[in-house]
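K.L.:
Sending over a structure as structure tokens; questions will come in a sec.
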Amino acid sequence: MRRDEQPPWIVSDELWRRVEPLLPVKQRRFRGPGRRRPLDRLALQGILFMLHTRIQWEFLPQQLGFSSEMTCWRRLAEWNEAQV
């Protein structure tokens, strides 16, 4: 990979503009909303990183700034169930 190239798991703004409308919108609960939902874009980047490197979910590195491995796994399952 050249220095000016981004890693393949980084979602560009152009790609995100295409993908975001396809993803289901999850509404926050009014009562006791709890923590904010991690960003879909970061979860997608974590999923792409995992697929590109072929690592197991539990080895998704937190220092790269993606959501946790369980968040990425759940988001992939949620999107799969929504047939995205």
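Throughout, read-outs are computed from the coordinates displayed, never taken from laboratory work. What you see is a predicted model; the values in this text were computed from it and never measured. Reconstructed Cβ throughout: ideal geometry from the backbone, glycine too, with neighbour counts over all protein chains shown.
K.L.:
So how strong a dipole does the chain carry about its Cα centre when Lys and Arg Cβ are +1 and Asp and Glu Cβ are -1, to the nearest 20 debye?
P.N.:
Details: 15 positive and 10 negative charges, 99 e Å.
Rounded to the nearest 20 debye, it is 480 debye.
K.L.:
Taking the 0 to 90 degree range and rounding to the nearest ten, how far is the long axis of helix 40-53 tilted relative to the main principal axis of the chain, both from C-alpha atoms?
P.N.:
Helix 40-53 and the main axis of the chain meet at about 40 degrees.
K.L.:
Using alpha carbons only, how many degrees (0 to 90, rounded to 10) separate the axis of helix 69-81 from the longest principal axis of the chain?
P.N.:
Once rounded, the angle reads 70 degrees.
K.L.:
For the charge dipole of the chain, defined by +1 on Lys and Arg C-beta atoms and -1 on Asp and Glu C-beta atoms about the Cα centroid, which residue among Ile47, Trp79, Phe59 has the Cα displaced farthest towards the positive pole?
P.N.:
Trp79
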